[in-house]
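K.L.:
One structure, pasted below without further comment.
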Amino acid sequence: MVAQETLTNENKNEINHLYGIKEILTESEWIERFRAAGFSSISIMDTSKELTKTVITDIRPSETISEELYDIWDAHHEYLSRPNIPLSFRVFTCRK
């Protein structure tokens with residue numbers, strides 16, 4: 001998960017509440033952290049930097065997945081459906 005920009009306190013609180021993540025780094029902050037951890041070769045895979053929206057039209061609840069997890073999925077989907085969300089993703093490849 002990558003922040004598209006420096007997040008506001010409101011964004012941070014909302015993301016923390018939804019995902020339980022206390023810190024969301026920007027692409028450059030991730031690279032700084034990887035370098036600080038001793039990685040010298042850092043590259044980013046060529047992927048779309050936009051989150052792909054998918055539509056699921058037929059959900060059959062599983063007997064092994066709790067209702068709480070479905071509620072979390074619904075909250076995640078609702079968050080990602082908002083316009084101009086400040087999140088994206090990257091795939092980093094790092095070597096020491």
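Quick note: the coordinates plus some simple rules give every number you see, no bench work behind them. None of the values given here were measured: they were computed from a predicted structure.
K.L.:
What are the radius of gyration and Dmax of the range 2-95, computed over its Cα atoms and given in Å?
P.N.:
When restricted to Cα atoms, the range 2-95 yields Rg and Dmax of 16.1, 46 Å.
K.L.:
Here is a follow-up. Measure nothing but the geometry: give the 0 to 90° angle between the long axis through the Cα atoms of 9-19 and the longest principal axis through the Cα atoms of the chain, rounded to 10°.
P.N.:
It works out to around 60 degrees.
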